[in-house]
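Heads up, the thing below is written out as structure tokens.
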Amino acid sequence: MRRMGTGVDIICGGSATNNRQVAPFAEVLVTLTKEQEIKLRCEASFWRSQHRQALVRLAQSEAAHRAEMAQAVAREAALRSELVQAQGQIRDLQNRLFGRKSERSSGAEKHPAAEQKSSRPRGHRPGAAGHGRHLESHLPTQVEVIEIDGPHCPDCGLGYVDFPGTEDSEVIEIEVKAYRRKICRRRYRRTCQCAGARGILTAPPAARLIARGKYGLSIWVHLLLSKFLYGQPTHRLLRDLSDHELTLSAGTVAGGLHALAPLFEPFEEALLGRLRSEKQWHADETRWRVFAETEGKVGHRWYFWVFHCPSVIHFVLDPSRSASVPIRELSGCGGGIIICDRYAGYKKLARVLDHFVLAFCWAHQRRDFLELANAHPELADWALAWVEQIGELYHLNGWRLEVRNDPAQWAERDRVLRQAIVLMARQRERELANPALKMPASKVLRSMHKHWSGLTVFVDRPEVPMDNNAAERAQRTPVVARKNFYGSGSHWSGALAATMFSLLLTLRLWEINPRTWLTAYLEACAANGNQPPADLSAFLPWAMATDRLARMRGIPVAQTPSIDSS
């Protein structure tokens with residue numbers, strides 16, 4: 001059979017049948033024109049090319065999808081890490097706001113059995129000897145006699161007569177009151193006829209702390225102590241004085257303090273000279289606001305630096321937290337040991353002044369583990385185990401220091417301490433080598449490794465404390481003041497605050513009564529015409545005589561122990 005007119009000839013093989021059955025495709029021959037063949041071949045090539053391109057696009061799409069999935073997984077991991085850190089910061093802030101303020105571990109935390117209630121009641125046991133009442137025999141006595149008006153017998157009416165002696169008891173009272181001190185200067189008329197003699201002679205005027213000042217020395221002593229030692233804000237102090245029927249204005253207080261500030265300036269040189277003569281210091285810094293414009297500085301945040309040595313506590317107020325402050329403070333020293341935290345400013349000081357050794361604070365290292373336990377609860381057991389080990393180091397060092405005068409026991413206890421230090425270092429390196437250690441824990445251990453030489457200064461130098469708590473305790477006074485009255489309103493008041501903090505805390509260090517010392521010093525200034533005394537040795541704790549130091553401490557001279565004031 002042949003079909004014509006379509007451009008395609010179809011030739012069918014086999015015999016024709018009456019029902020015209022179609023032959024299988026394998027037996028069908030197709031005849032194409034050359035044009036049709038070229039067209040079909042082009043179309044086939046086109047669709048094969050399209051197929052290959054589709055496969056390439058599919059592979060690229062799959063690769064892009066895998067890359068996006070990898071990025072999504074990485075982004076999810078980063079977000080989870082940020083979430084964990086944020087939750088840790090929230091826990092840390094909540095702990096700071098609502099948690100315990102002390103880092104001291106309780107006995108119940110170390111020994112759960114201690115939580116069980118003891119059968120022994122607290123307080124004084126009946127029948128046991130007590131310590132008795134403390135007799136304040138050094139206080140002045142004001143005698144108060146209580147009498148019976150017309151004592152008589154209730155039966156016959158006859159009167160009672162006095163019986164020798166009285167039944168005595170004591171009650172401690174305190175009375176604070178403002179009063180006017182009226183100064184009457186006696187005048188004298190001459191009785192001679194000498195030509196050069198004055199006709200009327202008047203007694204000299206009483207010494208005043210502030211020329212023509214209305215308020216006496218005791219008020220300024222009270223104001224200085226209340227503000228700079230006890231952290232009382234001015235408005236609260238003035239309200240307290242008004243309750244005692246004394247009215248002062250804030251401007252009067254500010255003007256008076258401004259007038260008194262130069263009287264304390266000579267002590268800066270004396271304190272700094274004594275500080276630089278020592279060989280060991282605690283150093284720390286905290287923020288303080290000075291609400292005055294300073295050229296080249298944006299904002300009002302300044303810093304109180306404290307330098308604490310065995311005989312002096314010196315504060316420096318500076319607008320910067322840079323290393324230039326401790327370098328300037330200690331540049332005149334011959335070298336020594338600085339107990340401090342890991343702030344970079346102290347490290348720069350040690351690089352610039354290479355004759356200083358930094359002893360880093362174990363309390364800060366311990367705090368790292370406590371903060372880690374709070375921020376990452378899953379690492380709490382691991383972190384608290386390290387806290388226990390640090391506590392054991394404190395115990396072993398204290399145990400060693402108990403026998404400093406016994407060479408045999410010292411050698412044994414020193415060996416035990418050094419062995420504990422070696423074991424701690426080995427454990428740290430072993431855990432750092434563990435690939436399964438989580439990043440926050442690794443970060444704390446790497447910090448310990450980096451500062452290990454400074455952390456172990458106390459081992460070879462027993463006189464060096466393990467922590468910087470002395471400086472942090474000294475900072476407590478300005479921190480309380482900062483919380484109550486925010487800072488200083490001018491540059492001069494900030495300088496006065498630094499000087500007063502230095503003086504008052506140094507007096508506390510020497511166990512001198514600040515009120516007694518301040519009263520004596522201001523009396524000397526008033527007697528010197530509102531100027532500081534030329535010789536400050538009578539007011540420097542390390543230079544004053546032994547009996548004067550005892551009186552400043554409130555110790556009766558007859559009972560004065562041997563005191564080294566050198």
### Task
Compare the Cα positions of LEU158, TRP47, PHE356 along the charge dipole of the chain (+1 at Cβ of Lys, Arg; -1 at Cβ of Asp, Glu; about the Cα centre) and return the one farthest towards the positive end.
TRP47
### Query
Long-range amide H contacts for TRP302: which residues qualify at under 5 Å (H placed 1.01 Å from N, peptide plane, sequence gap of 5 or more or a different chain)?
TRP288, ARG289, VAL290
### Query
At 222 nm, what helix-only mean residue ellipticity would the chain give, in deg cm²/dmol to the nearest 500, using -39500 (n - 2.57) for each DSSP H run of four or more?
-16000 deg cm²/dmol
## Note on the structure
accessible surface per residue for the chain, probe 1.4 Å, DNA/RNA/ligands not counted, whole Å² -> 67 Å²
### Loop-located chymotrypsin sites (Phe, Trp or Tyr not before Pro) in segment 174-233 whose Cβ has at most 10 other Cβ within 10 Å (DSSP)
TYR179
#### Entry: DSSP beta bridges in the chain [antiparallel fraction, %, rounded to 5]
70 percent
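Just to confirm the filter: which GluC sites (Glu not before Pro) across segment 252-347 are DSSP coil and have at most 11 other Cβ within 10 angstrom of their Cβ? It would help to have the intermediate numbers written out before the result.
Details: sites: GLU268, GLU269, GLU278, GLU285, GLU293, GLU295, GLU329; in loops: GLU278, GLU293, GLU295.
Within segment 252-347, the qualifying GluC sites (Glu not before Pro) (loop, at most 11 other Cβ atoms within 10 Å) are GLU293, GLU295.
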### Query
What order do MET466, MET439 take when sorted by accessible area (1.4 Å probe), most exposed first?
MET439, MET466
### Query
Of the trypsin sites (Lys or Arg not before Pro) in segment 328-394, which ones lie in a loop per DSSP and count no more than 13 other C-beta atoms within 10 Å?
none
### Message
Applying a 10 Å radius around every beta-carbon, put 202-208, 359-365, 537-543, 248-254 in order of their mean neighbour count, most first.
### Response
359-365, 537-543, 248-254, 202-208
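So how do THR456, THR191, THR33 rank on accessible area, 1.4 Å probe, biggest first, that is with the largest at the start?
If we order THR456, THR191, THR33 from most to least accessible, we get THR191, THR33, THR456.
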### Task
May I ask you to compute the full-extension gain from SER49 to THR31, defined as 0.36 nm times their residue separation minus their alpha-carbon distance, rounded to one decimal in nm?
3.8 nm
### Heavy-atom accessible surface of the chain: percent carbon and sulfur, 1.4 Å
54 percent
### Query
By accessible area of protein heavy atoms, probe 1.4 Å, what ranking do CYS156, CYS525 get, highest first?
CYS156, CYS525
#### Entry: Label-point separation in nm, LYS214 to ALA380, each point 7 Å along Cα→Cβ
6.1 nm
### Message
Quick check on segment 154-223: take the gyration tensor over C-alpha atoms, sort the square-rooted eigenvalues as a ≥ b ≥ c, and tell me if it's rounded (a/c under 1.5), prolate or oblate.
### Response
oblate
### Message
Can you tell me the length gained on complete extension of the stretch ASN405 to GLU429, counting 0.36 nm per residue apart and subtracting the Cα distance?
### Response
5.1 nm
### Task
Could you pull out every one of the aspartates and glutamates with an alpha carbon less than 19 Å from that of LYS227, ignoring same-chain neighbours closer than 8 positions?
ASP240, ASP243, GLU265
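Run the numbers for TRP452 and ILE148: contour at 0.36 nm per residue of separation, minus the present Cα-Cα distance, in nm.
Values: separation 304, 0.36 × 304 = 109.44 nm, distance 7.78 nm.
Stretched out fully, the TRP452 to ILE148 stretch lengthens by 101.7 nm.
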### Task
Work out which helices of the chain, taken as complete DSSP H runs, extend at least 15 Å along their axis over the Cα atoms and score a mean Kyte-Doolittle of -1.0 or more, then list them.
34-98, 217-228, 250-264, 266-276, 362-375, 380-401, 407-432, 439-450, 469-485, 491-509, 514-527
### Task
Answer rounded, prolate or oblate for the chain, using the Cα gyration tensor with square roots of eigenvalues a ≥ b ≥ c: rounded when a/c is under 1.5, else prolate when a/b is larger than b/c, else oblate.
prolate
## Note on the structure
Of the listed pairs LYS177/LYS483; LYS348/LYS450; LYS279/LYS347; LYS297/LYS347, those with alpha carbons more than 26 Å apart are LYS177/LYS483
### Query
With the contact rule set at Cα under 8 Å and sequence spacing of 6 or more, what percent relative contact order holds for the chain?
15 percent
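The values are calculated or read from the model by the stated rules, or taken from the named source; none is laboratory data. From a predicted model like this one, the values you see are computed outputs, not experimental measurements. Glycine also receives a Cβ, built like all others from the backbone with ideal geometry; neighbour counts cover every protein chain displayed. Quick note on the areas: whole protein, heavy atoms, side chains included, nothing else; ligands and nucleic acids left out. Shrake-Rupley method; radii C 1.70, N 1.55, O 1.52, S 1.80 Å.
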